[in-house]
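**Student:** Below is one structure. I have some questions about it.
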Amino acid sequence: MFKNIAFLLFFVSQFIYSQETIKGIVTDENNQPLLGANVFWFNTAIGTTTDENGNFTIKKSPETSSLVISYIGFETQKIDVVNNTISVILKEVKTLKEVTITKTKKGTEHSLYKVQNIQVMGQKELLKAACCNLSESFSTNPSIDVNFSDAVTGNRQIKMLGLTSPYILIAEENIPSVRGASQAYGLSFVPGTWVESIQITKGAGSVINGYESISGQINYEVLKPVNDIPFFLNVYGSQDSRYEINTHFNNKFSDKLSSTLFLHGNTRQNRNDMNNDGFLDGPIGKQVNILNRWQYNDSENGIVSFLNVRYMNDEKQAGEMSFNPDTDRLTTNAWGSEINTEKIEISNKTGYVFPDMPYQSFGFQNSFQSHKQDSYFGLSQYDIHQKSFYSNLLFNSIINNTKNKFTTGLNFSYDDYNEFVAVNFNRDFSRIDNSVGAFFEYTYDNSDNFSLVAGARVDNHNRLGTFVTPRLHIRYNPWKEAVIRASAGRGKRAANIFAENQQLFASNRNFSILNTDGKLYGLNPEIAWNYGLSFIQKFKLVGKDVEVILDYYRTDFQNQAVVDIDASPQDVLFYNLKGNSFANSFQAEFSVDLMTHLTFKTAYKYYDVQTQFVTGQMQRALQAKHRVFGNLAYETHIKDKGQQWKFDVTYNWLGEQRLPYTQSNPVQYRLDEYAKAFGTLNAQITRTFSSTFEVYVGGENMGNYKQMNGIVQNENPFGTYFDSSMIYGPTFGAMYYAGLRFKIKDKKQNHEIEELAPVKEEAHNH
């Protein structure tokens, strides 16, 4: 009886609350939510602002039924409210006589109001580097470090806060996508032109997305069919005979149902050896990548759903110039490598927003992946096939009012690994990992200057046991255009030591696992705490927009799967940490709009990454302590038909790096203790002939810097000292490329200029 009365009272209270308030969402013409839009009753002081999802809640006014919605750079709207839920689309201000008032969107945005330290890279930023795949798309972003993992495979390694990609949660629309078997090459399988935006989160991420995030999160959003154009084509060719084509077709079957077919192919068949070491500078091969994406939108009933079906096949061949896989595979005739990967993925996301309670919603995410890699490196062999299933159920609502929100849910993951390793030993590491977790995350936001997100999750893993992962994020705006953020969180993960360190197969090192009592490869799980502070200040200097960002993060490992290549140049040791291991990261970033359309951005980064190895506490090898970044971007005014020039130049300087121990080798196979500092210069010029057609040319490493000793004992790759993994810089010198982009827009889009309208004079309003 009591339960029935309590339920009735709750229902009545929710009904009364819904009748006394108006809820709604404010978006722009591209269906993107507007954060911080002003919503107030006409001729009153009663008002509120929208949250990061564009949602707002406001009490009904006894004086008027007219709501006024305004946002800087957009036309103000006055709406007569007749329902308890409304949806408002604001139009961007285009022209005012011969002066254009625009909200110029930067390529990378840093929010002052989000709780977590998130920066968003839009398509504008991604296109600055031709953007063939996501592993190559961070050259203009100072927060992500990218370098080659070895001198054979051409794979690019991603780092954040001084730690490699296994410590970064990489997700596709908040579904973990690069993990386990795909850790080494995962981002190279995502074409950049498919991506709408990338969100980079420093430090401990949200408990909603899992327990594995330690140094941060990279989440990429794929283009939405409902907003996509009918046709897009990108063609790319480079000096090293790499050719790529990207295209996608969009079809809107109805107001509610849309679909996009994404197609990608690349090939490189010419054998190049620009540094004359007898090895291919980059692998030859080909890739086919297909994605069919469906979107169902029913805004009246609060339903949105996505279905993705994807197939990818990638074939790479690397090694000596003379290597022929038909005759030389797994022989000593010539050293060679083949890495063949096949990936099948099916994923679904469905969200439901209660029509009369827009602050309350359900979300359901499911993903199945099959990732199969067959590969060999000289005489070593590595095969892995991972079949994974991931499911996440979320519920969002409020506590009393919209200042107090919460998200809770359940999570399930299943991984079936078939893994075979043949190095100095032959062993099958096949296994099944599974986990079930529950999470709760509370958010407080006073809609002004303070917000807090506190969350925790409990997981039960068949190998890691039962454990708790807490996370905390705080935001405070002390004064205008400034924000201070603090975060702390715990992460836990099972290290896939072979999949994550495949560059070591391209050497003649002996592999040894020193621990035997752990649950995975004999090792215990990695546990780390991450702490962070961030400060952002935006201001005007001589009328120009300036942004200053200061970040400090520290990661402390309680346990770590140590990969030791310093004990001996002929060995790689895997063992659990005994002692201290930490990573300190400091970054100072400065950006200024020097003049209309001319932006300068620079950053200094300091890393102190140390680990206790068997030979003592040392700085992590192949990690520069000091880095300097600079970027200069300029665009001309957009003319009547969309004609425009775009120029972008990026400089990266890396200080000296400690090289792995080689002093016990013969003299001719020894490396210096430290690699000297060097810099690289990238540039790109884009000519837009209309809103539908543009061409671009660019260059990477235009200073032609080459690491001359990229492969130790390259003349005898089956010898004792052969090692291609000691890479700290480019090995192939300068590389130039060119390409074109072509679009077909619908009638509405053809009348819109992407960023700016034709003007004689422009005023920027952020």
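**Student:** Confirm whether residue 374 is surrounded by fewer than 19 Cβ atoms within 10 Å (Cβ to Cβ), closer than 30 Å to residue 716 by Cβ and not polar (S, T, N, Q).
**Tutor:** Against the criterion (surrounded by fewer than 19 Cβ atoms within 10 Å (Cβ to Cβ), closer than 30 Å to residue 716 by Cβ and not polar (S, T, N, Q)), residue 374 qualifies.
**Student:** Then there is this: Find the residue count for region 164-217, including only residues that are part of a helix (DSSP H, G or I), aromatic (Phe, Trp, Tyr) and over 22 Å from residue 470 (Cα atoms).
**Tutor:** Residues that pass the stated criteria total 2.
**Student:** Could you list all residues from region 681-695 that are buried (at least 19 other Cβ atoms within 10 Å of the Cβ) and not in a loop (DSSP other than H, G, I, E, B)?
**Tutor:** Matches in region 681-695: 682, 684, 686, 688, 694.
**Student:** Identify the residue in region 189-244 that is surrounded by fewer than 20 Cβ atoms within 10 Å (Cβ to Cβ) and free of Cβ contacts under 8 Å to residues at least 60 places away in the same chain and, among all such residues, is farthest from the chain's Cα centre (by Cα).
**Tutor:** 241
**Student:** So, in region 696-729, of the ones that are aromatic (Phe, Trp, Tyr) and part of a loop (DSSP other than H, G, I, E, B), which residue ends up nearest to residue 635 (Cα to Cα)?
**Tutor:** Selected residue: 705.
**Student:** Scan region 311-347 for residues that are part of a strand (DSSP E or B) and of a type in the set (Asp, Glu) and jot them down.
**Tutor:** Across region 311-347, the qualifying residues are 314, 315, 320, 338, 342, 345.
**Student:** Note down all Cβ pairs under 6 Å where the first residue falls in region 413-426 and is closer than 25 Å to residue 390 by Cβ and assigned by TED's automatic domain parsing to the domain that holds residue 458, the second is part of a strand (DSSP E or B) and among the hydroxyl-bearing types (Ser, Thr, Tyr), and they're at least six residues apart or on different chains.
**Tutor:** 413/390; 413/435; 415/388
**Student:** Then there is this: Does residue 697 fit the bill of being among the aliphatic types (A, V, I, L, M) and in contact with a helix residue (DSSP H, G or I) (Cβ under 8 Å, 6 or more places away or on another chain)?
**Tutor:** In short, no.
**Student:** With (1) crowded, with 16+ Cβ neighbours inside 10 Å; (2) over 29 Å from the mean Cα position of the chain (by Cα); (3) aliphatic (A, V, I, L, M) as the list, and residue 561 as the residue in question, which single condition is left unmet?
**Tutor:** Residue 561 satisfies all of (1) crowded, with 16+ Cβ neighbours inside 10 Å; (2) over 29 Å from the mean Cα position of the chain (by Cα); (3) aliphatic (A, V, I, L, M) except (2).
**Student:** What strands (runs of 3 or more DSSP E) lie completely within region 554-625 and have 1 or more residues being in contact (Cβ under 8 Å) with a residue 60 or more places away in the chain?
**Tutor:** Where strands (runs of 3 or more DSSP E) fall fully within region 554-625 and carry at least 1 residues being in contact (Cβ under 8 Å) with a residue 60 or more places away in the chain, they are 561-564, 571-576, 581-595, 598-613.
**Student:** Further question: Can you confirm whether residue 350 is β-branched (Val, Ile, Thr), surrounded by fewer than 19 Cβ atoms within 10 Å (Cβ to Cβ), on the phi < 0 side of the Ramachandran plot and not in a strand (DSSP E or B)?
**Tutor:** For residue 350, the condition - β-branched (Val, Ile, Thr), surrounded by fewer than 19 Cβ atoms within 10 Å (Cβ to Cβ), on the phi < 0 side of the Ramachandran plot and not in a strand (DSSP E or B) - is not met.
**Student:** Would you check if there is a residue in region 92-102 being modelled with pLDDT of 80 or more and of a type in the set (Lys, Arg)?
**Tutor:** No, region 92-102 has no match at all.
**Student:** In addition: Name the residues in region 429-477 that are at pLDDT 95 or above, assigned to a loop (DSSP other than H, G, I, E, B) and within 27 Å of residue 400 (Cβ to Cβ), would you?
**Tutor:** Answer for region 429-477, where residues must be at pLDDT 95 or above, assigned to a loop (DSSP other than H, G, I, E, B) and within 27 Å of residue 400 (Cβ to Cβ): just 477.
**Student:** I'm checking my understanding of the structure. Among residues of region 6-51 that are within 21 Å of residue 114 (Cα to Cα) and of a type in the set (A, V, I, L, M), which one is modelled with the lowest pLDDT?
**Tutor:** Here the residue is 35.
**Student:** Separate question: Pull out all pairs, ordered by first then second residue, where Cβ-Cβ is under 7 Å, the residues are six or more apart or on different chains, the first lies in region 278-292 and is not assigned by TED's automatic domain parsing to the domain that holds residue 240, and the second is part of a loop (DSSP other than H, G, I, E, B).
**Tutor:** Pairs found: none.
The values are calculated or read from the model by the stated rules, or taken from the named source; none is laboratory data. Computed from a prediction, not measured in an experiment: that's the story for all the values here. No Cβ is skipped: glycine too gets one built from the backbone with ideal geometry, and neighbour counts run over all protein chains shown.
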